[in-house]
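Novice: Quick one: the structure is below, questions incoming.
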Amino acid sequence: MAGPTHLAVGLLKKPHGVKGDALVYPLTDEPEAVFRVGRILAVLDRDGLPTGAEVVVTKSRWYHRAWLVHFQGMDDRAALDALRERYLGMTVGEARPLEPGEFYLHELVGLRVETREGDVVGDVTAVVEAPQGWLLNVKGAAREHLIPFVAGVVRRVDRAEQRIVVTPPAGLLEI
């Protein structure tokens, strides 16, 4: 199966002010590079697929925990209302090459999860964002588990072997 064509890099929450700025929550570690002037971003649907619409960044700046972004031709609130709660994405080819040990969250779905001892826990069916951080939804033979995606629990993500090695806290897999 082919991978995605676009990576979600931001969630356009709402218009900000009256002159066409939008409040965008970044979904990237490098928002200053992604929301740079001139960047063309695709509007994605809830499944991460391009809708055919694109926007061009004309200015952007950090604002609290989000970014204020202005798009070419969108000079008032009404123009942005149609993009409320839509994801913005860039093509996979535009993303910087990954360093060893790095991966995209969508690549975790489908990987086998096993303990350091080699016991199979199950397969990752989703990566869930919770207030406490990222969780792996893992479907095992008998039950599903939510495993915190933190350094103390997830010991290794091996893309080549299609597996994730975990050291779950005592009792986690019995819940």
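Novice: With the requirement that a residue be of a type in the set (D, E, K, R) and either touching a Leu at 6+ places or on another chain (Cβ under 7 Å) or touching a residue at least 24 places away in the same chain (Cβ under 8 Å) (or both), what does the range 48-73 give you?
Specialist: 54, 61, 65
Novice: How many residues does the range 92-134 contain that are closer than 19 Å to residue 148 by Cβ, aliphatic (A, V, I, L, M) and assigned to a helix (DSSP H, G or I)?
Specialist: Counting residues in the range 92-134 that are closer than 19 Å to residue 148 by Cβ, aliphatic (A, V, I, L, M) and assigned to a helix (DSSP H, G or I) gives 2.
Novice: Something else about it: Determine, yes or no, whether residue 130 is free of Cβ contacts under 8 Å to residues at least 60 places away in the same chain and either of a type in the set (A, V, I, L, M) or touching a helix residue (DSSP H, G or I) at 6+ places or on another chain (Cβ under 9 Å) (or both).
Specialist: Yes.
Novice: Taking interchain pairs and intrachain pairs at least six residues apart, which have beta carbon atoms under 6 angstrom, with the first residue in the range 96-124 and on the phi > 0 side of the Ramachandran plot and the second in a loop (DSSP other than H, G, I, E, B)?
Specialist: 122/140
Novice: Of all residues in the range 34-72, how many are modelled with pLDDT under 95, loosely packed, with under 13 Cβ neighbours inside 10 Å and not in a strand (DSSP E or B)?
Specialist: 5
Novice: Among the residues of the range 67-88, write down those that are of a type in the set (Gly, Ala, Ser) and in contact with a Pro (Cβ under 7 Å, 6 or more places away or on another chain).
Specialist: Hits for the range 67-88: nothing passes.
Novice: Another question about this same structure. From the residues in the range 1-33 that are among the acidic types (Asp, Glu) and over 29 Å from residue 110 (Cβ atoms), which one is surrounded by the fewest Cβ atoms within 10 Å (Cβ to Cβ)?
Specialist: Checked the range 1-33; the qualifying residue surrounded by the fewest Cβ atoms within 10 Å (Cβ to Cβ) is 32.
Novice: Related question: Could you identify the single residue in 39, 65 that is under 24 Å from residue 5 (Cα atoms) and basic (Lys, Arg)?
Specialist: Among 39, 65, only 39 is under 24 Å from residue 5 (Cα atoms) and basic (Lys, Arg).
Novice: What single numbered condition from (1) surrounded by 11 or more Cβ atoms within 10 Å (Cβ to Cβ); (2) in contact with a Phe, Trp or Tyr (Cβ under 9 Å, 6 or more places away or on another chain); (3) more than 20 Å from residue 47 (Cβ to Cβ); (4) modelled with pLDDT under 90 fails to hold for residue 148?
Specialist: It fails just one condition, (4).
Novice: Applying the selection to the range 23-33, what residues are among the aliphatic types (A, V, I, L, M) and either in a loop (DSSP other than H, G, I, E, B) or within 14 Å of residue 12 (Cα to Cα) (or both)?
Specialist: If the condition is that a residue be among the aliphatic types (A, V, I, L, M) and either in a loop (DSSP other than H, G, I, E, B) or within 14 Å of residue 12 (Cα to Cα) (or both), then 23, 24, 27 are the ones that fit.
Novice: Is the range 77-86 home to any residue that is assigned to a loop (DSSP other than H, G, I, E, B), crowded, with 18+ Cβ neighbours inside 10 Å and more than 19 Å from the chain's Cα centre (by Cα)?
Specialist: no
Novice: Moving on to the next point. Is it fair to say residue 93 is of a type in the set (Gly, Ala, Ser) and buried (at least 16 other Cβ atoms within 10 Å of the Cβ)?
Specialist: So residue 93 fails the test.
The values are calculated or read from the model by the stated rules, or taken from the named source; none is laboratory data. All of these numbers come straight from a predicted model, not from anything done at the bench. For neighbour counting, all protein chains shown are included, and Cβ atoms are generated from backbone atoms with ideal geometry for every residue, glycine included.
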